[in-house]
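J.: What follows is a single structure, and I will ask about it in a moment.
Nothing in this text is a laboratory measurement; each read-out follows from the coordinates by a stated rule. These figures come from a predicted structure and were not determined experimentally. Heads up, the Cβs are rebuilt from the backbone with ideal geometry, glycines too, and the neighbour counts pull from every protein chain shown.
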Amino acid sequence: KSESTLSIVVVGASGDLAKKKIFPALFALYYKGYFPETFTIYGFARTSMDDEEFRDLISMTLLCRIDEAENCGPKMDTFLDRCHYFSGQYDSVQSFTQLGAELDAQEAMLSSTANRIFYLSVPPNIFTNCAQGVSNGASSKTGWSRVIVEKPFGRDTESSRKLSNELMECLTEDQIYRIDHYLAKELVDNLTVLRFSNLIFEPLWNRNHIRNVQIIFSEDFGTEGRGGYFDNYGIIRDIMQNHLLQVLAILCMEPPVSLDAEHIRDEKVKVLQSMKPITMDDTVIGQYKKDRTGKLPSYLDDDTVPKGSLCPTFAAVALHIKNARWDGVPFLMKAGKALEKREAQIRVQFRHVPGNLYQSKLGTDLEGVTNELVIRIQPDEAMYLRLNNKVPGLGMRIDRTKLDLSYHQEYGEESMSAGAYERLILDVMQGDKRMFIRSDELDAAWELFTPLLHHLDEAKAQPELYPYGSRGPIGAHYLASKYGVRWGDAQ
Ligand code: BG6
């Protein structure tokens with residue numbers, strides 16, 4: 001028998017996230033040798049199905065990414081052999097108790113110590129039921145039990161606190177892993193390395209040298225069938241309050257005492273708490289309409305969206321951090337669906353060189369020629385620094401060029417193959433909480449957005465319409481110009 005065994009239970013196993021992300025990530029981790037010698041995987045959902053049917057269902061989603069033919073097939077078979085299915089009700093402690101008994105029996109054959117991970121891939125209204133089920137019926141009696149939860153963690157401060165309190169009644173904060181998959185994106189994970197292990201950035205990383213920061217998320221597709229979920233939340237809750245704000249917190253936090261999860265999260269909370277809640281004056285919301293040819297649908301054309309919905313599919317906001325490092329620097333964020341391209345990036349725009357000797361050569365538009373650090377989170381992961389440089393040859397002509405690090409060129413395509421979910425599940429296995437959201441962070445994040453969200457709802461604020469496939473509402477441009485800023489992605 002091995003020293004300890006691991007069981008992973010995916011609650012909501014027939015859902016989209018489980019099929020698209022969780023099972024492929026579990027297989028990839030197993031394939032790469034990250035699983036302990038013995039492990040068991042359980043899919044838990046309401047549909048009745050036997051193990052074989054379940055294996056067929058998930059085998060279609062598993063990819064042989066590394067060495068296609070020989071090695072992968074047998075490994076996939078072994079992996080599938082360890083996968084089981086349990087059909088039960090999410091709100092029934094009895095179902096969880098039965099599952100617990102099945103797990104006990106499986107694990108007893110493998111080891112005397114069993115650790116368990118429960119991945120709650122279910123809608124938020126049943127998080128609490130599932131957490132109660134785990135704690136009262138299915139947690140391990142011989143090892144640790146950890147629970148992964150996916151956003152949305154509430155709709156505002158109050159509902160998020162209520163959810164947190166309910167979860168805390170049955171689980172400890174130590175056991176809860178709140179996922180934000182943006183933290184596990186390679187270039188976001190790299191932010192602390194970039195900032196804290198290169199001398200050239202940290203001395204400049206403050207209001208004296210940085211003019212503004214932009215965090216930009218865009219997708220070139222609309223809600224397409226996900227409108228039912230999306231309409232309840234909107235782009236601010238779906239992307240900004242979590243993914244983009246997390247990126248901002250890491251980008252702006254003070255150096256942590258160590259790389260320990262608690263130290264990092266202590267600093268992230270402080271930045272979030274130093275921000276002022278976002279106001280209507282600093283917000284633009286939009287919703288996509290049909291494209292100019294009339295071929296691409298409007299948001300309201302999605303059958304799963306309620307008629308006349310005012311739900312924003314685009315938002316741009318300005319945030320302000322009131323601390324010694326950042327006072328006066330505008331942080332601009334925008335996020336939107338059905339835009340021109342799919343891209344997520346961070347742009348750090350530096351100030352002008354005082355008394356620049358080359359001003360006459362650079363032209364009058366100094367804003368267009370300051371240094372800029374661009375971190376392209378996806379796609380084509382890259383980091384580049386925009387510089388002014390002499391064009392070789394006679395005379396003196398200055399060009400705006402870049403020092404460019406393309407991940408694919410430098411590290412190869414393969415290096416980017418580990419998805420965010422693989423990384424996060426591995427962290428849960430190892431008990432590393434650096435990339436998970438602590439409850440006080442979550443609370444601070446909601447406090448920033450809640451007044452705005454309530455105001456938008458109460459005022460029935462009309463989103464500015466923008467064509468599918470465009471750059472988004474013109475209002476975003478005016479918001480940036482109010483701060484003397486031009487969106488970098490539009491240049
Ligand atoms: C999810 C949102 O959290 O992130 C989706 O709910 C969005 O609306 C997705 O499409 C974007 O993630 P990624 O990793 O594809 O950029």
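J.: Rounding to the nearest 20 debye, state how big the charge dipole of the chain is about its Cα centre with +1 on each Lys and Arg Cβ and -1 on each Asp and Glu Cβ.
T.: 1940
J.: Suppose R0 equals 22 Å; then what is the FRET efficiency for Thr113 and Lys32 from their Cβ-Cβ distance, rounded to the nearest 0.05?
T.: My answer for the efficiency is 0.40.
J.: Another question about this same structure. Between Asp380 and Glu169, what length comes free when the chain is fully extended (0.36 nm per residue of separation minus the Cα-Cα distance, one decimal in nm)?
T.: This chain segment gains 71.6 nm when fully extended.
J.: Give Lys32/Lys433; Lys276/Lys322; Lys307/Lys460; Lys290/Lys482; Lys361/Lys390; Lys290/Lys341 a once-over and call out the pairs whose C-alpha atoms are over 19 Å from each other.
T.: From Lys32/Lys433; Lys276/Lys322; Lys307/Lys460; Lys290/Lys482; Lys361/Lys390; Lys290/Lys341, over 19 Å: Lys32/Lys433; Lys290/Lys482.
J.: Given a Förster distance of 45 angstrom, what is the FRET efficiency for Glu414 paired with Thr47, based on the Cβ-Cβ distance and rounded to 0.05?
T.: Efficiency computed from Cβ-Cβ geometry: 0.80.
J.: Quick one: angle between helix 439-458 and the longest Cα principal axis of the chain, in degrees between 0 and 90, rounded to 10, please.
T.: Taking the Cα atoms of the chain, the angle to 439-458 is about 70 degrees.
J.: Can you tell me the equivalent ellipsoid semi-axes for the range 237-323? Use √(5λ) from the Cα gyration tensor, largest first, whole Å.
T.: Gyration-tensor ellipsoid for the range 237-323: 36, 15, 10 Å.
J.: One quarter of the convex hull surface, Cα atoms only: what value does that give for the chain in nm²?
T.: 26.4
J.: Please report the antiparallel percentage of the DSSP beta bridges confined to the chain, to the nearest 5.
T.: For the chain, the DSSP antiparallel bridge percentage is about 55.
J.: Treat each spin label as a single point 7 Å out from the Cα along the C-beta direction, and report the Thr364 to Glu340 distance in nm.
T.: For Thr364 paired with Glu340, the spin-label model returns 2.5 nm.
J.: Rounded if a/c is under 1.5, else prolate if a/b beats b/c, else oblate: with a ≥ b ≥ c from the C-alpha gyration tensor eigenvalues square-rooted, which is the range 36-194?
T.: oblate
J.: For the range 379-394, take each phi angle, set θ = phi - 60°, evaluate the Karplus expression 6.51 cos²θ - 1.76 cosθ + 1.60, and give the result in whole Hz per residue in order, putting x for glycine and proline.
T.: x, 6, 3, 7, 9, 9, 10, 7, 10, 9, 9, 6, 6, x, x, 6
J.: Exposure proxy check: Met416, Met333 ranked by fewest other beta carbons within 10 Å?
T.: Met416, Met333
J.: Hey, what's the per residue convex hull volume over the C-alpha atoms of the range 194-292, in cubic angstrom?
T.: Taking the convex hull of the Cα positions in the range 194-292, it is 179 Å³ per residue.
J.: What are the ³J(HN,Hα) couplings of the range 293-302, residue after residue, when phi is run through the Karplus curve with 6.51, -1.76, 1.60 and θ = phi - 60°? Round to Hz, x for glycine and proline.
T.: 7, x, 7, 8, x, 7, 4, 6, 6, 5
J.: If each residue of separation counts as 0.36 nm, what is the full-extension length gain between Asn198 and Gln98 once their alpha-carbon separation is subtracted?
T.: Contour length minus Cα-Cα distance gives 30.7 nm.
J.: Non-local amide H neighbours of Lys151 (under 5 Å, H modeled in plane, Pro and chain starts lacking H): which ones?
T.: Excluding prolines and chain starts, which carry no amide H, the hits are Ile179.
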